[in-house]
Amino acid sequence: MVISRGYGVLTRFLKCLTAIMFLSGMAQAGDVTILALGDSLTAGYGLPQQDGFVPRLEAWLNDHGADATVVNGGVSGDTAAGGAARLGWVLTDEVDVVLVALGANDMLRGIDPQTTQANLDTILSELDARGLPALLIGMPGPANFGAAYKTEFEQMFVQLAQDHGVALYRNFLAGLTDIAGSANGALQYLQPDGLHPTAQGVSLIVDAMGPAVLAILP
């Protein structure tokens with residue numbers, strides 16, 4: 001009788017211990033660190049820290065069941081070349097997923113899309129080598145450099161996504177243009193400079209982009 005009771009207690013204890021270890025493993029497996037590699041749009045230019053893209057995206061992901069930490073790798077004014085140059089020191093061992101949101105400043109400066117494409121290719125090749133999932137985030141091409149430039153700029157994101165087998169989110173600002181119905185209508189969600197989103201604009205951007213980010217998480 002004593003042995004039987006002792007065996008029963010031990011069995012229940014081992015079952016509980018196994019369950020705790022299993023649940024703990026699940027929690028650790030669910031943790032994911034996302035690097036948002038970008039420019040001022042990623043950095044949250046002109047906004048209080050809590051209203052920027054990175055904290056808003058992190059909150060959105062956590063609200064939708066992902067135990068995620070988003071690291072702000074945005075540098076205002078950065079080009080694709082700048083992102084490629086600093087990739088080695090921002091890509092720490094903790095990073096599990098990378099959002100590549102560069103090219104807007106290349107466009108504003110009229111940099112040859114082939115140059116931008118080569119630098120983005122360098123970034124994506126390094127992520128390939130490290131086995132890191134990525135979401136490539138594009139931008140609509142400008143109209144002031146001509147139709148050919150606009151087409152080439154937009155197409156390079158499509159080509160890069162195909163070449164590297166990564167997911168593509170075509171337009172960082174899609175959440176604004178989709179709800180406003182046009183680029184002009186989206187101006188109401190931008191700061192006075194006409195380039196960077198307001199806090200409300202960031203919320204719309206994150207609501208639209210969030211599912212694409214959620215889809216690539218391991």
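Report, by residue number, each residue of region 151-173 that is in a loop (DSSP other than H, G, I, E, B) and open to solvent by 50 Å² or more (accessible area, probe 1.4 Å).
Selection gives Gly165, Arg170.
Quick one: how many residues across region 63-107 are more than 11 Å from Ala36 (Cα to Cα), crowded, with 22+ Cβ neighbours inside 10 Å and touching a Ser or Thr at 6+ places or on another chain (Cβ under 7 Å)?
4
Can we say Gly165 is modelled with pLDDT under 95 and in contact with a helix residue (DSSP H, G or I) (Cβ under 9 Å, 6 or more places away or on another chain)?
No: the conditions fail for Gly165.
Please go through region 177-192 and give me each residue that is open to solvent by less than 70 Å² (accessible area, probe 1.4 Å) and either modelled with pLDDT of 95 or more or not hydrophobic (A, V, I, L, M, F, W, C) (or both), ordered by number.
Result: Thr177, Gly181, Ser182, Gly185, Tyr189, Leu190, Gln191.
Of all residues in region 155-175, which are within 18 Å of Arg130 (Cβ to Cβ) and touching a residue at least 40 places away in the same chain (Cβ under 8 Å)?
Listed by number, the residues that qualify are Leu160, Asp163, His164, Val166, Ala167.
Pairs please, first residue from region 51-71 and part of a helix (DSSP H, G or I), second anywhere and among the hydroxyl-bearing types (Ser, Thr, Tyr), Cβ atoms under 8 Å, 6+ apart in sequence or on different chains.
Once the first residue is part of a helix (DSSP H, G or I) and sits in region 51-71, its partners that are among the hydroxyl-bearing types (Ser, Thr, Tyr) give Phe53/Thr42; Val54/Thr42; Arg56/Ser203; Glu58/Thr69.
Let's see how each residue does on (1) within 14 Å of the chain's Cα centre (by Cα); (2) of a type outside the set (A, V, I, L, M); (3) farther than 25 Å from Leu127 by Cα; (4) assigned to a loop (DSSP other than H, G, I, E, B):
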position	(1), (2), (3), (4)
Asn144	no, yes, yes, yes
Tyr149	no, yes, yes, no
Gly175	no, yes, yes, no
Leu187	no, no, yes, no
Gly201	no, yes, yes, no
Met209	yes, no, no, no
Ala215	yes, no, no, no
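The values are calculated or read from the model by the stated rules, or taken from the named source; none is laboratory data. For clarity, every value in this text was computed on a predicted model and none was experimentally measured. Positions of Cβ are backbone-derived with ideal geometry, glycine not excepted, and every protein chain shown enters the neighbour counts. For the accessible areas, the whole protein counts, side chains as well, though only heavy atoms, and no ligand, DNA or RNA atoms are used. Shrake-Rupley method; radii C 1.70, N 1.55, O 1.52, S 1.80 Å.
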